[in-house]
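Asks: Encoded as structure tokens, here's the structure I'll be asking about.
Laboratory data are not the source of any read-out in this text; all were calculated from the coordinates shown. Everything numeric here is computed off the predicted structure, so don't read it as measured data. In this analysis, Cβ positions are derived from the backbone assuming ideal geometry, glycine residues included, and neighbour counts consider all displayed protein chains.
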Amino acid sequence: MADMPVPHGSSPRTALPELSTVWLRVFLEVVRHGSFTVAARTLGWTQSAVSRQIASLESALDGAQLFDRLPRGVRLTEAGRVLVPYAEAVTESLHGAGRELAALHELAGGRVRFGAFATADAALVPRALAAFRDRHPAVRLSREEGLTPRLLDRLTSGHLDLAIVSTTGRAPLEAYELHHLLDESLYVAVPAGHPLAGQGPVRLAQLADCDWISGSPRPESTLLDAALRQGFRPRIAHVVGEWTAKQGYVAAGLGVTLVPALAADSVRPDVVLLPVLDEGTPARAVYAATVRGRSLSAAAKAFLGVLGEEARGIGSSAAPVA
């Protein structure tokens, strides 16, 4: 096949060659000082080393001469003047990248995206947010709320850096890196006038005939899964998703509900919490989950540490982050 004709006044070369950032740095030093010798002194190099870098740059630019060599110093050619703003843009971009990377390392910038299930927002999350903000005010934090399975999906897809999840829901947690935060006991919330109010710990079976208030019409994959393990299927009379609304239903005598320890401090005064002592009903474990094999930023690692500290402060059952 014959070569395509080249239009008059154009060059067969259509792409700028890859230029070494070192060449550009040396080029700008020479421009700044108007001298190979002074540029070499500033860089801590020899004059011949600077000359070689400029020669290499000129060679890469198809032999374009960038400087006129004068008896005393150098002067930019037209080609050199064209190159200056581009060299400055490249080096400034690299300096900007270096500054941002340093800020990430020093927690003077960056962001952490995390998710949490609803009752973690009652105590653990706000305490951790406040403590982290005091230490690292320049790091941006964004939070999502959801059930554990959805949070894990968001984590896997890269929309979250970490997720605060629980063993409720039977999600496949073994696929993730789990950092244990705490173990929660369970309580039954009953109205203040309930016959069991004030009688101390109860077994779930004692409330088998009660109406229950739950966030789902099915007890599976909810806190009420504990009742299934105790041999009875709770009668769910009302499906209410929001925790404060559940309290209102309990206070009105419309049923009882299970409450995890993380939400216990926010119970209204006309609701009584009874500790659950059902044998074989394990405490709910709470974890900070990350994707196995995915690197965490310095900010995410710091937030993970703060979560562990605040978890230890919530109760004697709290455990350090692994």
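Asks: Taking 7 Å along the Cα-to-C-beta vector as the label spot, tell me the ALA49-VAL22 distance in nanometres, rounded to one decimal.
Replies: 0.9
Asks: Using the Cα centre as the reference, give the magnitude of the dipole from point charges on the C-beta atoms of the range 21-103 (Lys, Arg: +1; Asp, Glu: -1; all else neutral), rounded to the nearest 20 debye.
Replies: With only Lys, Arg, Asp and Glu charged at Cβ, the dipole is about 360 debye.
Asks: Then there is this: Can you tell me the order of 271-277, 257-263 when each peptide is scored by its average per-residue count of other Cβ atoms within 10 angstrom, highest first?
Replies: 257-263, 271-277
Asks: Continuing with the same structure: Apply the a/c threshold of 1.5 to the C-alpha gyration tensor of the range 198-250 and tell me whether it is rounded, prolate or oblate.
Replies: Oblate shape, in that a/c is at least 1.5 and b/c is the bigger or equal ratio.
Asks: OK, next. How would you order 44-53, 154-163 from highest to lowest mean count of nearby Cβ atoms within 10 Å?
Replies: 154-163, 44-53
Asks: With a/c under 1.5 counting as rounded, go ahead and sort the range 228-287 into rounded, prolate or oblate using the C-alpha gyration tensor (a ≥ b ≥ c being the square roots of the eigenvalues; past the cut-off, prolate if a/b is larger than b/c, else oblate).
Replies: Because a/c hits 1.5 or more and a/b fails to exceed b/c, the range 228-287 counts as oblate.
Asks: Once phi is turned into ³J(HN,Hα) by the Karplus curve 6.51 cos²θ - 1.76 cosθ + 1.60 with θ = phi - 60°, what whole-Hz value does each residue of the range 120-127 show in order, with x for glycine and proline?
Replies: 5, 6, 6, 9, 4, 5, x, 5
Asks: Mind checking the dipole of the chain: about its Cα centre, +1 per Lys or Arg Cβ, -1 per Asp or Glu Cβ, Debye to the nearest 20?
Replies: 660
Asks: Pulled fully out, how much extra length does the chain show between TYR86 and ARG72, if you take 0.36 nm times their separation in residues and subtract their Cα-Cα distance?
Replies: 2.4 nm
Asks: Can you pull the one-decimal nm distance between simple spin-label points at ARG135 and SER157, each 7 Å off the Cα toward Cβ?
Replies: Going by the 7 Å Cα→Cβ label model, 3.1 nm.
Asks: Calculate for the chain the 222 nm mean residue ellipticity that helices alone would give, adding -39,500 (n - 2.57) per DSSP H run of length 4 or more and normalising by residue count, nearest 500 deg cm²/dmol.
Replies: Helix contribution divided over all residues of the chain: -11500 deg cm²/dmol.
Asks: Still on this structure, I have one more. With +1 on each Lys and Arg Cβ and -1 on each Asp and Glu Cβ, and nothing else charged, work out how big the dipole of the range 186-275 is about its Cα centre, in Debye to the nearest 20.
Replies: 180
Asks: Could you give me the ³J(HN,Hα) list for the range 257-263, computed from phi with Karplus coefficients 6.51, -1.76, 1.60 and θ = phi - 60°, whole Hz, x at Gly and Pro?
Replies: Those phi angles translate into 8, 8, 10, x, 4, 4, 9 Hz.
Asks: According to the square roots a ≥ b ≥ c of the eigenvalues of the Cα gyration tensor, what is the shape class of the chain, taking rounded for a/c under 1.5, prolate for a/b larger than b/c otherwise, and oblate for the remainder?
Replies: Verdict is prolate for the chain.
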